[in-house]
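Bear in mind that the values in this text are calculations on the coordinates, not laboratory data. Note that the structure is predicted; figures quoted are calculated from it, not measured. A quick note on method: Cβ atoms are made from the backbone with ideal geometry, for glycine too, and the neighbour counts reach across all protein chains shown.
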Amino acid sequence: MLPSIGIVGSGLRIRTVYGPILTRLSHAYTLAGVTNRSSEAGKSTAEMLHTQFYRDIDELVVQSHPDILLVSVSFAANDALALQAVETGLPCLLETPAGTTVEAIDALLRTSHRLGNLVEVAEQYHRRPMERVKQMLIQAGAFGDIVAAYNDLMGHDYHGFNLIRSYIGRDVSPVSVVGHVQRHEVAHRTSSSESPQQEEWWRALIQFANGAVGHFDFSSLSYGSALRWERQTRFYGTQGMGHGDELTEVDGDGTRPLRIPLERRIHNVGGMEVLAAIAAQVGPETLVWENPFRDVYFDDEAIAVADGLRSLTSAMTDGTALDYGLSQARIDQALTLAMRHSAANDSVNVLLQPF
């Protein structure tokens, strides 16, 4: 039998992101039902997804017997409902942030350890196809040791820190954070406002245990603003670097950069062009990242989101390690909170406890 998914929440992300993804993965999963605090919204979402509405998590679990719980709720409701879902003992996929505080994530960790259930976190930024290719090349040593990584408005808070750590290495502990926030008026307008907007700019400098440094920058206008039109990441290694999606290694005598050619390999699925793989040419060797959803019509963002669910079900059936999980989510949220604490206290250097 196909694993069944019980959905906790019925907001925009469930309706516009997970709904279409699960519809296209109907050959791999079934829906057990939907629960939501607002019965009206929950019933509407259940109807849209052609499944049953339940009043709460307990009723969903007892009556529909899901194999997995997918939790995507509002920030305010996140901690309580995520904990309630994990307390069922079922495998869970939690949307970001897994917890609004480190203490909330610790409660999830203690509960999952006690009950022995798997809990994956749906952090999608490092799961985008081009990010997977960068990680593959870094792990293969194409750039040498990564000594610095930058998030330039690409992702806020834990998303941006997740990207930085994906380059430096998620097994490398951050040891300290210095944060800063800047607020100023800018020449930016929205359709509903004629007055100047205030931009809030967050910065952080992260020191890692291996000597590498992370630079975090994020503006409140990073998404959808004509003023801040470019978003990217960068990393610098001892043998090469990445600037956005431009990747280079150094030639044999160290005198010039050599671009690493990337080839998006496309094939046809039901008359639609679908990403099959991305190949990277590093010297004489071709390294290939294969799309785990090559037989489904997904764009890059849908691939990244669906991969969180794939990670969880693979761990359930094959015993493989979770790709991200609560421990990784805890580090990225701890960095977020440390940055904010530092910024609120004259950019004091915040020392982090070992992870």
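Listed values, structure above:
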| item | result |
| --- | --- |
| Over the stretch 4-117, volume per residue of the alpha carbon convex hull, in Å³ | 87 Å³ |
| Förster radius 41 Å - calculated FRET efficiency between A187 and E40, Cβ distance, rounded to 0.05 | 0.50 |
| Summed residue charge, Cβ within 15 Å of L49's Cβ, Lys/Arg positive, Asp/Glu negative | +3 |
| Candidates P66, P97, P174: whichever shows maximal mean-square fluctuation once the chain is modelled as a Gaussian network with Cα springs under 10 Å | P66 |
| Length gained when the stretch V62-A321 is fully extended (0.36 nm per residue, less Cα-Cα span) | 90.4 nm |
| Contact order relative to length of the chain, as percent, for alpha carbon pairs under 8 angstrom and 6 or more apart | 18 percent |
| Positive-pole candidate from G155, N268, A77, dipole of the chain, charges at beta carbon | A77 |
| P(r), alpha carbons of the stretch 236-286 - 10 Å bins starting at zero, rounded % | 23, 40, 22, 12, 3 |
| Under the span-like rule (Cα at least 24 Å along the axis, Kyte-Doolittle mean at least -0.5), DSSP H helices of the chain | 300-318, 325-344 |
| Cα convex hull volume per residue for the chain (Å³) | 167 Å³ |
| Contact order relative to length of the stretch 244-285, as percent, for alpha carbon pairs under 8 angstrom and 6 or more apart | 29 percent |
| Net charge, Q333 excluded, C-beta distance under 15 Å - Lys, Arg +1, Asp, Glu -1 | -3 |
| Contact order normalised by residue count of the stretch 4-117, Cα under 8 Å, 6+ apart, percent | 26 percent |
